[in-house]
Amino acid sequence: MKELNEHLLNYTRREFLSKASLGLGGIALASLLNPGSMYGSNLMKDENGLIGTGKAPHFAPKAKRVIYLFQSGAPSQFELFDYKPLLNKMDGKDLPDSVRQGQRLTGMTSGQRKFPLVGSRFNFKQHGQSGAYVSELLPHIGGIADDLCFIKSMHTEAINHDPAVTFFQTGSQQPGRPSIGSWLSYGLGSDNENLPNFSVMLSRGSGLKTGQPLYSRLWGNGFLPSLHQGVQFRSAKDPVLYLNNPEGMSSLNKRNLLDHLGKLNEMQYEAMGDPEIATRISQYEMSYRMQTSVPEVVDLSDEPEETFELYGPESKIPGTYAANCVLARRLIEKDVKFVQLYHMGWDQHQNLPTAIQGQCRDVDQPSAALVKDLKRRGLLEDTLVIWGGEFGRTAYNQGKMTKETYGRDHHPRCFTIWMAGAGVKPGMTYGATDDFGYNISENPVHVHDFQATLMHLLGIDHEKLVFKHQGRRFRLTDVHGHVVKDILS
Amino acid sequence: MNLSEFFGRLHPLIVHLPIGFLMIAILLEFYFRNKMSPGKRKSIIFILVLGAVGSIIAALFGWLLAEEGGFNEDTLFWHRWLGISTAVIAILALWSKYKSQRKVYIFSLVALSALLMLTGHFGGSLTHGSDYLLQPLMADNSSVNSKELDKPNDSIVVFHDIVKPFIDAKCISCHNDDKQNGGLNLSTFEHLEIGGDNGKILHSNVWESEFFRRVTLPQESEKFMPPNGIPLTYNETTLLKWWIENGAEPETSIIDSKLNDAVKNILLNEYNIDLTPKPFAESITLQALSETVISNLENKGWSISVVSPNSNLLDASPKNGVKFTSEMLKDLLAAKKHITWLKLGNTSVNNEDLKRISQFENLTDLRLNDTKITDEGLSHISKLNNLEALNIYDTTISDEGLNAIKALKKLKRIYLWKTKVTPSGISELQDNKPKLTIISG
C-alpha cells in the first residue's frame, strides 16, 4: 500500500503541470474511469500506437527466438578468432605508444611499466569455404564456420566485468534497466504460456573455478512488469525454485488456493488498478502450469544417445554448459522466446594458456553441436544463436610472461562475437581490427548497434519499443544504436 | 608564355579594386554632402582617379579573360558591356566632379552604384554558375540527409537520382551552361555524352573513360578533377564506375541495373535504398481475414498471428497443449489464402491432411517434421508453388517422395535429417535443383 501511495504521489508531481489545464477533477475522473491511466499507459493501451505488450512486431521478423550463449568474463579474441601473426612476430616487444595513444587501461595493468605484446600460443587455421580463421582450441566451432557470422569489430564502453555485462544485457552500465530478454518478452509476448518466455541458465567454467559472480538483476525486468523477468533454471532437484508444492499439499489443494487467491487479487486490482497485481495473478497461474511443463522439459531421459554424442560427454552432467545447451534446444523447440546461457570463467588475467584450454573444452563441442542440431531440425530457420563475451582482452601481457604462460587484461576497444541462424549472413566475417588487434580498423559495431540489430532481426524497431517510466520513455538502446544492415541476409 | 592569358586571369583579382574605390567615393560624397571643403573635394577626386583607372584596367583584363572562352555567351555579353559602361561612367564621374557639373555628377554616381551591382552579379554568375547565389535559399536544400530519396525503388533512375546529384555538387560549377572549362558541359546527360574539347568522356570500358579517369587520378596530378574543392568520395567513384560499366544509360532504373555487393552496400548505407528482395508476405496484397474468422480458429485450437504488420498473411500452429486433429485442418481452410507459415511438426498430421494443405496456395514455410506422413502424402504438396522451406525431418520420406519436391520452383531449403532419403537421392535432387539448400544433418 505504501508503495502504491508513493506511486500516486509520483504521478501527481510529474504530471500535474502538464495536466493542470484540465484541472485536478479531470485527473480524478480519468483515474475513476480507467485506473491504469495513473501508471503511464504502458499496460492498458499504448498511447501513441508504438507501445504494447505482445503486440505484433513492427515489420516481418527473420528470427522468432534467440539463444544467447554469453561467455562471462570476456574470452580472449587473440586465442580464439582474431588471428594476429604480428603479435607472434613482436612477442615480448613493447606495444607502440602510437597504437594505444594514451587510451585508458584498467587499474590492474595501468601500473605496469611495460606493455609487452604477446602472441597466441595456439595455432590458427582457415575453415570452410568462407576461410574464417578459428584457432585450434575450437575445432568444432571451426567445423561450422560456414554457418557463422563473425563480428570482429565489437566494442563497448565499460572496462570492468559487471558494468560491461550489465551494459550488454540492458543497454546501460548502471543496474536497473530491463534485460534484452525482458524487452523481447514485453514487446513480442509469449508463444508458450506454460514455460517462462525468458529462460536463464548458468554454468561454471573449468578454466577458472572462481569466476566473476553474476547477479539475477542481469536477467531482471527493471521497470517492466515483473512477468517479463528471466526465470533461472537450476541443475538441482528443483529446476525452478519454489515451483513444487510443499510437502503434504496436493495439486487439488493448490488449485483451490490459487482460485481463491486469484479472486482476492482481482478484487484488489479492481480497487487499486495496480498493474503489478495483474502481473502477480498471471505469475501464480504460470507457476501452476509450470509444475508439469518444467519437469518435462528438463528431463533429458527421452533424449536419444546420439544427442549426447553430439553435445559431448559433459552433456549428461546436469548444470554443465553442455547440458544447458541441450536444454536450450529443448526450450526453443517449445517456442520459448529467449534462452540465455551464461558460462563463467573466461577472465584470464594470468595463466591464460592453461585456463583457456579448459574453457574451450567446456564450450567448443556443445556450442557447435547446438548450431548443428538446430540446423538439422530446421530450427535455425527462425532461431538466432549468439556467442560472445562482454569485452575483449589486451594485445599485451599482464603479469608474468614466459614461453608457457601469460595473461591478458580487459580490453573494451575490440573483440569478436559470432552469430548464426535466422536473418544473419552465414559464412561471413564483418569488421576488422588493426594488426596489433588493439583498435578497430573497419566497420565498428557498438554494443547498442548489436542490440539494435538483434531487435531488428526479431521484427522490432529498436527506436519504437519503449516503456514510459518516471516520466521518460526508455528503450534498450537508450538514444543510440544503428542496425548493422551489412550482416543481414 | 602567354601574357594575355596571364593578365586575363588577373581580372578577378583586379576587378575588386575599382569596385572598392568607386564605392568609397560614392559613400564619401554622401557623407560630406553638406560640409564639403577644398581638401575633401581633392581627396574624392583622387579616389575617383584611382577608381576610373582601375575600372579601365579591369575592363581590359576582362576582355582578355573572355578570349579564353568557355563562358555562357549571354551572361558574358551583359557582363562585358556593363563592365565597359562602368569604366566609361567612372570617367564621366571624375570629369563632372573636376568640372563641378553637379547634375551630371549625381547622375553618374547613381548610375555607378547600379552598374557596380549588376556587373558584379553577372561576373559572379560567370564564375560560380547562375544559381550559386540563391541556391542556399531554395527549399530542396534544407533536408539534412539530402541523399535519401523519397521514392519507391522502381522509380529511381540511376543517372538522374544517383550520379547526377554528385556531378551537380562537385563538377558542375566549372562545367555548366554558363561556363564550360575544357569545352565540357555536365548540366545534362546529352551534354555529358557529347564530351569536351578532347572528345567523348564516356567509354564502354570504364578504364578508358576519361570521366572516370580524371576523378580517380592521384590528387597531385594536374589533370585530377575537380582541381579545387572536394574530390569525389570513394563511394561516388564506385557508383560512377558502376554506372559507366552498366552502359552509362540515362534512363535505366535502379531495379533494372546489375548490382554488386559494394554498390548494394553504398546504396543501402548512404541512400537508404534497400534492394534486398522483400519477404513474400510483404510482396502480395490480400484483404485481411475478418476478426471473427480468426477468433473462431483460435477457439478451435489454433494459435494464429500476423507475420508482419505490413501484410495480412498469417502464421498458424496448433496451440500448446492442443492435440492436432484433421478436423482442425478443415477449419483452417477458412484461411487457406492467408496462411503462409504452417507448423505441424510432431503432430498426427496424415496423408489425407496433406491433400488439404495443398490448397494453401500462399504457404512459404511448412513444417511436417516428426510426423507419420509418407511419400504418397508428400506428392500432394507439389502444388504449393510459393513454398520456400519444407521441413520433413524425422519422417519415413524416401527418395521417391523427393519427386514431388522437384516441382516446387521456389523451394530454397529442405530439411531431410532422419529420413529414408539416400545420399544418391540427395545428390539427384541437388542436380535437379542446384540452388536448393539441402540440410540432411
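Readers should treat all values here as calculations from the given coordinates under stated rules, not as data from a laboratory. If you're wondering where the values come from, they're calculated on a predicted model, not measured in any experiment. Here Cβ is always computed from backbone atoms with ideal geometry, including for glycine, and neighbour counts include all displayed protein chains.
Here are some notes:
- For peptide A:368-378, the mean count of partner chain Cβ atoms within 10 Å of a residue's Cβ comes to 4.
- Cross-link partners of B:K42 among lysines, defined as those whose alpha carbon lies under 25 angstrom from its own and excluding same-chain residues fewer than eight positions apart: B:K97, B:K99, B:K103.
- For chain A, the longest principal axis of the C-alpha atoms and the axis of helix A:447-457 are separated by about 60°.
- Residues considered: B:K97, B:K355, B:K147. Largest GNM mean-square fluctuation over chain B, using C-alpha springs under 10 Å, is found at B:K355.
- One equal scatterer on each Cα of chain B, no solvent, Debye formula: the resulting log10 I(q)/I(0) at q = 0.09, 0.10, 0.12 Å⁻¹ is -0.78, -0.87, -1.04.
- 5 angstrom amide H check on B:N346, placed H, neighbours 5+ away: B:N369, B:D370, B:T371
- Label zone at B:S283 (point 7 Å along Cα-to-Cβ), backbone N below 14 Å, region B:366-398: B:385-389
- Additional length obtainable on full extension of the chain from B:L13 to B:E291, 0.36 nm per residue less Cα span: 92.4 nm
- With one equal scatterer per alpha carbon and no solvent term, the Debye-computed log10 I(q)/I(0) for region B:153-271 at 0.16, 0.18, 0.22 1/Å reads -0.74, -0.95, -1.43.
- Between 0 and 90°, nearest 10: helix A:161-170 axis offset from chain A longest Cα axis: 50
- In terms of distances greater than 32 angstrom between alpha carbons, the cross-link table entries A:K468/B:K147; A:K62/B:K147; A:K62/B:K258; B:K258/B:K343; A:K125/B:K410; A:K337/B:K300 yield A:K468/B:K147; B:K258/B:K343; A:K125/B:K410.
- Least to most buried among A:L227, B:L22 (fewest other Cβ within 10 Å first): A:L227, B:L22
- On the beta carbon distance between B:Y234 and B:M138, with R0 = 25 Å, the FRET formula returns roughly 0.30.
- Shielding by partners for peptide A:184-194, expressed as the average number of C-beta atoms from other protein chains within 10 Å of each residue's C-beta, is 2.
- A cut-off under 15 angstrom between Cβ atoms defines the neighbours of B:R9, and their net charge, with Lys, Arg +1 and Asp, Glu -1, is -2.
- Going by neighbour counts of Cβ atoms within 10 Å, the residues B:I254, A:I317 line up, fewest first, as A:I317, B:I254.
- Length released on extending from B:I255 to B:V110, taking residue separation times 0.36 nm less the Cα-Cα span: 46.2 nm
- Shielding value for B:312-321 is 3, the average number of Cβ atoms from other chains within 10 Å of each residue's Cβ.
- Listed by Cβ neighbour count within 10 Å, with the fewest neighbours leading, A:D302, B:D256, B:D375 appear as A:D302, B:D256, B:D375.
- Using only side-chain charges placed at the Cβ, +1 for Lys and Arg and -1 for Asp and Glu, the dipole size of region A:274-335 relative to its Cα centre rounds to 180 debye.
- Sites B:R413 and B:L27 - FRET efficiency at Förster radius 56 Å, r taken between beta-carbons, to 0.05: 0.10
- Inter-probe distance in nm under a simple model that places probes 7 Å from Cα toward Cβ, at A:K485 and B:S155: 2.0
- Förster-model FRET efficiency, 45 Å R0, A:K89 and B:H203, C-beta, rounded to 0.05: 0.50
- Put the Cα centre of region A:114-149 next to the Cα centre of region A:233-300 and the gap is 47 Å.
- Full-stretch length increase - A:K468, A:E404 - with 0.36 nm per residue and alpha-carbon distance subtracted: 17.7 nm
- Listed values for region A:110-115 are Karplus-derived 3J(HN,Hα) couplings in whole Hz (6.51 cos²θ - 1.76 cosθ + 1.60, θ = phi - 60°), namely 5, x, 5, 7, 10, 10, and x replaces Gly and Pro.
- Distance from region B:273-333 to region B:370-441 (C-alpha centre basis), Å: 24
- Kirkwood radius and radius of gyration were both taken over the C-alpha atoms of the protein assembly as shown, and their ratio Rg/Rh is 1.10.
- Karplus (6.51, -1.76, 1.60) ³J(HN,Hα), θ = phi - 60°, over region B:172-184, in Hz, Gly and Pro reported as x: 6, 5, 10, 10, 9, 4, 8, 9, 10, 4, x, x, 9
- Amide H contacts of B:E361 (H built 1.01 Å from N, under 5 Å, at least 5 apart or other chain): none
- Degrees separating the helix A:352-376 axis from the principal Cα axis of chain A, which is the longest one: 60
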